[in-house]
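Trainee: Below you will find the structure I want to go over with you.
The values are calculated or read from the model by the stated rules, or taken from the named source; none is laboratory data. Since we're looking at a predicted model, the values are computed, not measured. Methodologically, a virtual Cβ is constructed for each residue, glycine included, from the backbone with ideal geometry; neighbour enumeration extends over all protein chains shown.
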Amino acid sequence: MREIVFDTETTGLDPSTGDRVTELGCVEVIDCIPTGKTFHAYVNPQRSIPREVVEITGLTGEFLADKPLFEEIAQEFVDFVGDAVLVAHNAPFDRGFINMELARLGFDTYPEDRFKDTARIARAKFPGSYVSLDALCKRFDISLETRDKHGALIDAYLLAEVYLELTGGRTRALDLSGRGSGGSGRVEFPARPARPQPLPSRQTEKERAAHAAFIDELGENALWKKLPIG
């Protein structure tokens with residue numbers, strides 16, 4: 001199944017009060033495994049960015065001043081997503097901003113059932129635990145060395161790894177049969193063909209006699225005498 005793991009950076013917390021998207025990062029996954037295809041764009045929000053937000057994202061108004069407007073990257077984003085499910089951490093936040101930007105331009109917005117929320121999945125899986133992206137990366141031993149600031153594409157890559165762990169994707173993807181597990185969650189091993197000629201026994205006559213004597217000492221009810229071992 002094709003899904004898009006994505007993240008947004010914004011000027012604030014509420015799209016209804018004029019906050020805008022400043023960065024968008026998407027990672028394509030198929031059956032929970034990243035394919036290497038990504039979409040990334042910095043966006044000129046056409047408004048000032050609060051200092052506390054700059055401290056988190058590192059994105060300043062000066063840096064974004066010459067970047068494309070959302071209307072210039074909207075079609076490319078929509079084409080990249082296609083009919084895939086969208087996966088985000090705290091999905092209602094990202095959904096609100098994406099749909100706001102799309103609605104401003106007259107694009108169709110994404111319904112709630114197109115989204116999967118990894119924070120919700122993590123809360124169900126680890127009740128009572130912290131489920132921030134950082135906390136989940138630490139839980140799953142995913143390196144945070146590249147994350148000195150919040151960045152949409154970096155966070156999307158990290159979230160793709162977290163999503164893989166949350167869904168048991170590594171086990172499901174491990175298939176040594178060459179045929180694919182079909183989503184069964186089982187690891188399949190190819191059948192080993194029979195040897196043209198059986199290997200000769202490496203047991204000596206003396207060893208066989210010693211073993212037989214040992215079995216006799218166990219009595220008539222010994223398990224070895226009940227098993228069809230020749």
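Trainee: Look at the stretch 65-93 and say how many of its residues are touching a strand residue (DSSP E or B) at 6+ places or on another chain (Cβ under 9 Å) and surrounded by 16 or more Cβ atoms within 10 Å (Cβ to Cβ).
Mentor: Here the count works out to 14.
Trainee: Restricted to the stretch 94-119, and to residues that are more than 19 Å from the chain's Cα centre (by Cα), of a type in the set (Asp, Glu) and within 21 Å of Glu72 (Cβ to Cβ), which residue is surrounded by the most Cβ atoms within 10 Å (Cβ to Cβ)?
Mentor: This residue is Glu101.
Trainee: With the condition kept exactly as written, say whether any residue in the stretch 16-24 is more than 14 Å from Gly151 (Cα to Cα), charged (D, E, K, R) and assigned to a helix (DSSP H, G or I).
Mentor: Checking the stretch 16-24: not a single residue is more than 14 Å from Gly151 (Cα to Cα), charged (D, E, K, R) and assigned to a helix (DSSP H, G or I).
Trainee: Here is a further query. Could you list all residues from the stretch 23-61 that are of a type in the set (D, E, K, R), in contact with a strand residue (DSSP E or B) (Cβ under 9 Å, 6 or more places away or on another chain) and on the phi < 0 side of the Ramachandran plot?
Mentor: Glu23, Glu28, Lys37
Trainee: For Gly18, state whether it is small (Gly, Ala, Ser), more than 23 Å from Arg123 (Cβ to Cβ) and surrounded by fewer than 20 Cβ atoms within 10 Å (Cβ to Cβ).
Mentor: yes
Trainee: Would you check which residues across the stretch 1-15 are in a strand (DSSP E or B) and not polar (S, T, N, Q) and list them?
Mentor: Of everything in the stretch 1-15, those that are in a strand (DSSP E or B) and not polar (S, T, N, Q) turn out to be Arg2, Glu3, Ile4, Val5, Phe6, Asp7, Glu9.
Trainee: Within the stretch 21-48, how many residues turn out to be crowded, with 22+ Cβ neighbours inside 10 Å and more than 26 Å from Glu161 (Cα to Cα)?
Mentor: 1
Trainee: If you don't mind, another one. I need a count of the residues in the stretch 136-162 that are exposed (fewer than 14 other Cβ atoms within 10 Å of the Cβ) and either of a type in the set (Ser, Thr, Tyr) or at pLDDT 95 or above (or both).
Mentor: The qualifying residues number 2.
Trainee: Right, something else. Identify all residues within the stretch 46-67 that are more than 29 Å from the chain's Cα centre (by Cα) and touching a residue at least 24 places away in the same chain (Cβ under 8 Å); write none if there are none.
Mentor: Gln46, Arg47, Ser48, Ile49, Pro50, Leu64, Lys67
Trainee: Restricting attention to the stretch 84-118, report how many residues are in contact (Cβ under 8 Å) with a residue 24 or more places away in the chain, farther than 15 Å from Val27 by Cβ and part of a loop (DSSP other than H, G, I, E, B).
Mentor: 4
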